[in-house]
Structure formats: C-alpha cells, structure tokens
1. Just one of (1) touching a Ser or Thr at 6+ places or on another chain (Cβ under 6 Å); (2) on the phi > 0 side of the Ramachandran plot trips up L151, so point out which.
2. Identify the single condition in (1) of a type in the set (A, V, I, L, M); (2) surrounded by 13 or more Cβ atoms within 10 Å (Cβ to Cβ); (3) assigned to a helix (DSSP H, G or I) that A25 does not satisfy, given that it satisfies every other one.
3. Is it the case that some residue within the stretch 166-182 is in contact with a Leu (Cβ under 9 Å, 6 or more places away or on another chain), under 28 Å from R246 (Cα atoms), touching a residue at least 40 places away in the same chain (Cβ under 8 Å) and not charged (D, E, K, R)?
4. Among the residues of the stretch 152-176, what is the count of those that are loosely packed, with under 15 Cβ neighbours inside 10 Å and assigned to a loop (DSSP other than H, G, I, E, B)?
5. So, in the stretch 114-151, exactly how many residues are part of a loop (DSSP other than H, G, I, E, B), more than 22 Å from D41 (Cα to Cα) and in contact with a strand residue (DSSP E or B) (Cβ under 6 Å, 6 or more places away or on another chain)?
6. Among L197, L151, which is the only one that is farther than 30 Å from H325 by Cβ and under 30 Å from the mean Cα position of the chain (by Cα)?
7. Only residues in the stretch 6-28 that are closer than 11 Å to L82 by Cβ count as the first member; pair them with residues that are among the small types (G, A, S) and part of a helix (DSSP H, G or I), Cβ under 7 angstrom, at least 6 apart or cross-chain, and list the lot.
8. In the stretch 207-249, what residues are surrounded by 21 or more Cβ atoms within 10 Å (Cβ to Cβ) and in a strand (DSSP E or B)?
Amino acid sequence: MPASDLAARTLELVDVPSESRLEQAAMELVRSLLPGEPLYDDGEAIVWGDAEAPVALAGHVDTVPAQGNLPGRIADGAVHGLGASDMKGGIAVMLELARAAVPARYVFFTREEVALEESPLPAVFGSGVLAGTQLGVVLEPTDGILHAGCLGNLQAEIEFHGESAHSARPWTGSNAIHTLVDGLAPLTPLEPREVELDGLVYREVVSAVRVEGGIAQNVVPARAAAEINFRFAPGRSRDEAEERLRELLPDGELRVLHNSPSAPPSLGNPLVERLRELVPEIAPKQAWTPVAQFAEQGIDAINFGPGATRYAHRQDEQIPIANLHVVYETLARFLS
C-alpha cells in the first residue's frame, strides 16, 4: 500500500467529524469501504473479516471535541487534523488491510473517548463474534512501537461539608474549602509508585484534577468537592484500586464516577512473541486503552498503531505519513 494512499484515506476519515456520540457518518464511511457483508453490525460496532482468524484488529472512530482543527490537510510529511493520530490513522490502516483481504477480524467501534459504561464493545463480546480470538491488536497511537498492557483509570469525586456563614464572621460557620484542603493533603507528598511486570515499569499516579466550591465572595462555603484521577498499574483490580483511594483519602465522602480496568502486558502470548520479531521496541502503556476490555474477556491484547502519542488530543494533532506505511507493512507481514 503506497504511503500516499494511506495518507489520503486518513485525511478522508479526518474530514468526517465524529466526536464521541456523533460518529454515525464516520461509521457509514467505514461500512461503505468494507467489501462484502460484516460478521456483526449493530450500528455502534462493526466486525468484518475472517470469522476464524486468530487475530482481531480493533480501533475506535470517535474523537475528542474539535479545537478549530477541521478540515484536515496534508503537509510536511504528515496528515494534520482532528483525530489524525487518535485514531483515524489507525482506522485507515485497518480499512486498507481489510480491503487487501489480509486475514483478520476487524473491529470498528464508537464511544471510546467517553466513560467505559458507554462502550459498545461489551455487546460485541457478548455476541460471540470474537470467540476463539487469540490476540487483540488495538491500533491506538504508539509511534509505531509496541505498548504492552495498560493502566486502569479510576475517576472519583470527594465531597467535604461545612456550615455557611458571613465571610466577615467566619468563626460562626465552618469553611468547607478549608476542610477540602486538609482532606487532600495526603496527595501532595505522593510520588509515582513504580510497578514492574515482565521487565516493564508502570507508574501509578493519583491527581486532583478539578475543584469546586463557594457561592459568593462574602459567604463561607458549606460545600466543596474535588475530582480525583487514579491511574493504577496492572495487577491491581478495580476493587483494590477503589480501596487504595479510600485509604489515601479517609476524610470526606468519596464517590466513584468511573472505574476502568488495567490490563497485563501479555508478553508470553505466542502471537505477541511473533509480533515482537517484527517490532522489537516495546514500552509499557502509561494510559488506559481498550486492551483492558479484551483482557477482561480473557483475550490477550497489545497496543500497536501509527499515531504519534505526543500529538494525540492536541489542537495541532497530526500523524507522520511514514508511520502509516510502517504499521501497514508490519501488520500485513504479521497477519499473512
């Protein structure tokens, strides 16, 4: 596949807006480009290809909200525009492999850039269409190297209460913001916790990512809250992650908003070992990806895609055309 054709396909996909929950035009484009009938199509996910193939390639068509980066363009050896790296480039590679009849099961789906509860993948797994899959390859941006496993992603809200009062007489009330500051204090000295698995080092981190409180400059606030993000390493379950967060933050009322599982590296899988012969460079995935959803189904999975990680979700998002070519050729050799 000439790199220029892959670039043109990527640009075509970029120019079809597909922010999360608004992906139907992009899914229709994918549907129109696939030859023959799909194995599965519920409108939110399409599975196409060889029903007996041991490898499933997977990619999401949705993007984060636009930042003035549509329409896309090709310039300076790259495709520029919303979703180019995350992950319209990966979708372009999947489409062209499918159109070349490279044997695999191809999984295109919506709603990945939102809460896990909205994912259409559970329905795909439940249908049995991926039964017998020995390896999932998720074409998330990895700069053309292998990213093994992934971190879990727990998002929680912690709420603190006080008693409102006039700000000129604060001693007559109790300031919830002050209580929040004290309650979040255990996070300040925390260093990343390094967890080594199969020679790869994952870093567990906890961050306060949003704070709200107060109703006016002359009112002592009766309520304050913060959102907390915990990226936990493979080997820690979702329940264990929640327990750890409650240990760190014993004060306040903690409510879990979303809790997405981690995934192990799966480096002992024979198909991963074969892929590593073609792509020797490997790193831990210091983020969450749908490899975790495959792992929960007992299917080993790994991340390998053409997107440039440093440009994902940025206003100047772009993908090197050379990456498209390398990943296409590598997967064509691996799958054939």
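1. Checking L151 against (1) touching a Ser or Thr at 6+ places or on another chain (Cβ under 6 Å); (2) on the phi > 0 side of the Ramachandran plot, the one that fails is (2).
2. The one condition A25 does not meet is (2).
3. So far as the stretch 166-182 goes, no, none of its residues is in contact with a Leu (Cβ under 9 Å, 6 or more places away or on another chain), under 28 Å from R246 (Cα atoms), touching a residue at least 40 places away in the same chain (Cβ under 8 Å) and not charged (D, E, K, R).
4. Matching residues across the stretch 152-176 total 2.
5. Adding up the residues that qualify gives 3.
6. Matching residue, one of L197, L151: L197.
7. L13/A26; L13/A92; V14/A84; V16/A25; V16/A26; S18/A25; S18/A26
8. Result: V220, A224, A226, I228, F230, R231, F232.
The values are calculated or read from the model by the stated rules, or taken from the named source; none is laboratory data. Keep in mind the model is a prediction, meaning the values are calculated, not measured. Quick reminder, even Gly has a Cβ in these numbers, built from the backbone with ideal geometry, and neighbours come from all protein chains shown.
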